[in-house]
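The values are calculated or read from the model by the stated rules, or taken from the named source; none is laboratory data. This one's a predicted model, so the numbers in the text were calculated from it and none came from an experiment. Here the Cβ positions follow ideal geometry from the backbone for every residue, glycine too, while neighbour counts run over all protein chains shown. Areas reflect the complete protein model, heavy atoms only, side chains present, ligands, DNA and RNA absent. Shrake-Rupley method; radii C 1.70, N 1.55, O 1.52, S 1.80 Å.
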Amino acid sequence: MLIKTCRDGFHHPVSSEITARDVYQGRRDLVKLMAGGLAGAAMASWASRAALAQSATPRPGKLAPLPGVRSSLTGAVTMERLTDYKDVSSYNNFYEFGTDKSDPAQNAHTLKTSPWTVEIEGLIKKPAKYTLEDLLKLSAQEERIYRLRCVEGWSMVIPWVGYSLSELIKKVEPLGNAKYVEFVTLADPKTMPFVGSRVLAWPYVEGLRLDEAMHPLTLLTFGMYGEVLPNQSGAPVRLVVPWKYGFKSGKSLVKIRFTDKQPATAWNKAAANEYGFFSNVNPNVDHPRWSQATERRIGEDGLFAKKRKTLMFNGYEAQVGQLYAGMDLKKFF
Ligand code: MTE
């Protein structure tokens, strides 16, 4: 992003395996078999078994468990090794708590996640205020293993827990003229020390086209690794849009608004030439200040670790490519 930390080198210990060895080994064999890494929508039964095994990922065990979670076999599963919980929860972007990667983990304990409501408004038949409890009850939670690729050039593989945002959207019944969805996140200067700083316009706002928001991969997310989200990861509810750069995935959502105009988003307002509205992961369109062709997987950044090639739409091209048919992705970056 605009901040220098994004491109600075950083040092992570090579992480130990979080997944049980037999599960991990099984997955490695599958990786060889699949020779590509990403399971498509029509997963073979052996891949399904592996995905189910992966849902047995040990919880770190500090936060409340999210019960009744089933593993998703919707083609949203990668066969790659999960990033360590320790890394996922200590290397964050959440500018409301500071701009260094370590700031959110240090500072976000002040975030008050209960009671919590999310207002759904705008061009819909059924505007309503949902409590977190209402949202949790609205649909069955699934574990979805998604890559998160940050615009800064690093990535992680995370077992998120939630359900498709489309479940909620269907309930509120968008009107015919609703074309976009705006996501507004909490901006509380009392509990968020960097709200008010000039780095971004607050609240942090993101947006999607309605068809993107309706896509089954777009996850309304309540947890990760089988537990509720830690504060620094966007508790108690965030978005995860796996084919877009990480900044599209707004944290600590308080409002979802349906509109007929493209929402003005926080990063686009800050630097329109660097952060477009679409922000689909695209190795062929460089950021004006750096290449997007490769990425560093967090946990693999030892001295001899190779960078990985960034995949079109972060590896989800088969699922989402058709949303952009006929669009010039260099123009609509
Ligand atoms: N949401 C809010 N409210 N504030 C933020 O600063 N940062 C974004 C996104 N969501 C951000 C946010 C960016 S830049 C990224 S890369 C991801 O969150 C990071 O998510 P993670 O910390 O869970 O990896």
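Would you call residue 256 away from the ligand (no atom under 11 Å from the Cβ), touching a strand residue (DSSP E or B) at 6+ places or on another chain (Cβ under 7 Å), touching a residue at least 40 places away in the same chain (Cβ under 8 Å) and not in a loop (DSSP other than H, G, I, E, B)?
Judged against the criteria, residue 256 is a match.
Can you find, within the stretch 180-209, the residue that is farthest from the ligand (Cβ to nearest atom) among those that are in a loop (DSSP other than H, G, I, E, B) and hydrophobic (A, V, I, L, M, F, W, C)?
201
Looking only at the stretch 278-290, which residues are away from the ligand (no atom under 15 Å from the Cβ) and open to solvent by less than 60 Å² (accessible area, probe 1.4 Å)?
278, 282, 283, 285 - these are the residues of the stretch 278-290 that are away from the ligand (no atom under 15 Å from the Cβ) and open to solvent by less than 60 Å² (accessible area, probe 1.4 Å).
Residue under question is residue 136, and the condition is that it be modelled with pLDDT of 95 or more and away from the ligand (no atom under 16 Å from the Cβ); does it hold?
Judged against the criteria, residue 136 is a match.
Could you please find all residues in the stretch 125-152 being more than 14 Å from residue 223 (Cα to Cα), touching a residue at least 60 places away in the same chain (Cβ under 8 Å) and open to solvent by 10 Å² or more (accessible area, probe 1.4 Å)?
Matches in the stretch 125-152: 148, 152.
Among the residues of the stretch 147-179, how many are in contact with a Leu (Cβ under 7 Å, 6 or more places away or on another chain) and within 16 Å of the ligand (Cβ to nearest atom)?
So the count comes out to 9.
Give the stretch 225-259 a look and list any residue that's more than 18 Å from residue 135 (Cα to Cα) and of a type in the set (Asp, Glu), or say none.
none
Out of the residues in the stretch 210-224 that are open to solvent by less than 10 Å² (accessible area, probe 1.4 Å) and in contact with a strand residue (DSSP E or B) (Cβ under 6 Å, 6 or more places away or on another chain), state the one that is farthest from the ligand (Cβ to nearest atom).
If we take residues in the stretch 210-224 being open to solvent by less than 10 Å² (accessible area, probe 1.4 Å) and in contact with a strand residue (DSSP E or B) (Cβ under 6 Å, 6 or more places away or on another chain), then 213 is farthest from the ligand (Cβ to nearest atom).
Regarding the stretch 158-168, can at least one residue be identified that is surrounded by fewer than 22 Cβ atoms within 10 Å (Cβ to Cβ), closer than 23 Å to residue 254 by Cβ and among the acidic types (Asp, Glu)?
So far as the stretch 158-168 goes, yes, one or more of its residues are surrounded by fewer than 22 Cβ atoms within 10 Å (Cβ to Cβ), closer than 23 Å to residue 254 by Cβ and among the acidic types (Asp, Glu).
Being in a loop (DSSP other than H, G, I, E, B) and farther than 19 Å from residue 64 by Cβ narrows it down to one residue among 217, 239; which is it?
It is 217.
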